Each structure stands twice: as structure tokens, then as C-alpha cells.
Amino acid sequence: MGSNSAPVVVDWNNDGLLDLLIGNEASAHGIRLYLNSGSTGNPVLTTWTYIQSSGSNINRYRCCPQVYDMNSDGRKDLIMGESDAHIYYYENTGTDEVPVFSGYEAIQSNGSPLDLYYGTRLWVNDWDENGIPDLLVSDYYGYVHVFMADLSGTVEETGVQIQTGFAVAPAVNPARGSLNINLQVPQGGNIELRVYDSAGRLVITKDASGLSHGSSMITIDAGSMAAGVYTVVATTGSDISTCRMVLAE
């Protein structure tokens with residue numbers, strides 16, 4: 001791979017096998033993806049392709065990639081440090097099984113691109129266990145910095161319009177203290193609401209019985225829940241609808 005190779009182990013295509021993603025020092029080499037053609041007990045990594053964004057290879061000097069679902073949409077994103085000390089975020093606009101990237105943003109801190117001298121390497125981790133991904137970043141001088149994510153940039157959404165058919169949507173997003181959820185019920189019946197945290201753990205189950213057809217709002221007490229991103233799953237019979245909600249402090 002050349003000098004300063006930076007490997008990441010990840011099941012890139014969701015086939016149950018661990019694959020290998022590798023950055024390196026020479027920007028002309030790009031980021032290599034080795035798909036595992038072997039088995040879980042005997043990985044085989046023989047062929048590779050370059051990771052692309054908007055049809056071109058992602059080329060960054062001393063690139064150190066990581067893979068993480070940064071926006072909690074159920075799809076793996078790409079985030080990387082490099083020699084210029086910035087950290088770049090490539091949002092996955094494809095699927096979790098077939099990631100697609102179409103541009104990038106520089107991660108910001110206090111309104112400006114994060115800048116730590118040069119040679120940044122990073123790890124994504126929910127450092128304070130609030131359901132939001134934080135960053136651990138090292139630099140050339142040997143320091144390790146923790147950058148805590150917050151929700152200050154979240155725009156409040158109100159008056160969400162629900163379309164016809166069975167559907168669930170936030171009444172207010174971000175929420176504080178309680179989750180107010182709009183339900184569109186084309187036919188009366190019993191509905192089960194399940195709330196999952198960003199790690200996929202079931203947090204709350206609530207039964208909404210005897211709802212008539214039309215729109216209704218259900219309130220779930222979130223006083224014992226940590227701030228973070230949650231997925232609400234509503235089911236009635238064979239119908240399922242989901243939405244994402246942000247719980248702010």
C-alpha cells in the first residue's frame with residue numbers, strides 16, 4: 001500500500017464478511033476497498049477498487065478513513081483525517097449495502113473547519129453516551145483531542161404534514177421532555193409504537209389502542225431518556241411506518 005497505510009475493518013457490503021478499507025500517504029493512490037471473498041473464519045482479500053465520490057477517486061494525502069453512520073439514517077458514511085489537519089465527512093447517498101458518495105463537507109468546531117496542526121487521525125465514538133457521535137482526534141504533536149458533538153445546529157421542525165395512508169412523523173423536532181408523535185391512521189385499530197436509540201436498542205414500547213381513523217398525536221414521556229437521535233417504529237397489522245426524532249437536553 002505504500003507509506004503510512006491506514007486500515008479500517010468493516011463489513012462494507014453487508015454480506016456478513018469483514019472487508020478492508022485502506023488509506024495511505026500517496027494521494028494519487030486513493031482509498032482502496034478490499035472485499036472479502038473468503039469466509040468469516042478465513043478472509044480472502046485478493047482484489048480491490050478505489051472508493052469514489054461523484055465518479056472520481058477520493059485522493060487525499062495521508063488519508064486516514066473511518067466508517068460510521070454520522071447522521072443516523074441507517075447508512076454507513078465515510079469520515080477521514082488527512083495531512084492538512086482537517087476532517088472531511090462524505091455522506092452516503094446510496095444504501096447501506098452499496099454506499100455512494102457525492103461530495104463532502106469539512107467538520108467544523110465553533111463555526112470554523114476543525115484544524116489541529118497537521119497529520120490528523122481520528123476515531124468516532126459516543127464519548128458521553130448521549131446517542132450522538134463524538135470525535136477523538138490525534139495530531140502530529142502527540143496530543144489526543146475529544147470533540148463533543150451537540151445539537152445547537154438542529155433546526156426545529158413544526159407542523160409536519162402527514163400524507164394519506166398509515167404514517168408516523170414528529171409533531172415537533174427536536175423534542176424536549178417528551179416525544180410528540182403524529183399518526184395518520186386510515187382505519188381505526190390498535191397501534192404499537194417502539195422507540196429505538198442510535199445503537200438499535202429498544203428503549204420504550206407504547207400501545208395506542210382504540211384510535212379512530214384520521215390524524216392523532218401520541219405523547220411519550222422522555223424524561224428518563226438521554227439526549228440523542230431516536231427511531232420511532234409504528235406498526236398496525238402488517239403496516240409499518242418509521243421516523244427519526246432528535247431529543248434535545
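The values are calculated or read from the model by the stated rules, or taken from the named source; none is laboratory data. Bear in mind that the values here come from a model prediction, so they are computed numbers and not experimental data. All Cβ positions, even for glycine, are placed from backbone atoms using ideal geometry, and neighbour counts span all protein chains on display. Side chains are part of the model used for accessible areas, which takes the heavy atoms of the whole protein and leaves out ligands, DNA and RNA. Shrake-Rupley method; radii C 1.70, N 1.55, O 1.52, S 1.80 Å.
Values as computed for the structure displayed
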{"quantity": "Per-peptide average of other Cβ atoms within 10 Å, ordering 32-42, 230-240 highest first", "calculated": "230-240, 32-42"}
{"quantity": "Portion, in percent, of the accessible area of the chain that falls on carbon or sulfur, probe 1.4 Å", "calculated": "48"}
{"quantity": "Sequence-distant residues sharing a close amide H with Thr120 (under 5 Å, placed H)", "calculated": "Glu82, Ala85"}
{"quantity": "Heavy-atom accessible area per residue - the chain, 1.4 Å, Å²", "calculated": "52"}
{"quantity": "Check: the chain dipole with +1 on Lys, Arg Cβ and -1 on Asp, Glu Cβ, in debye", "calculated": "300"}
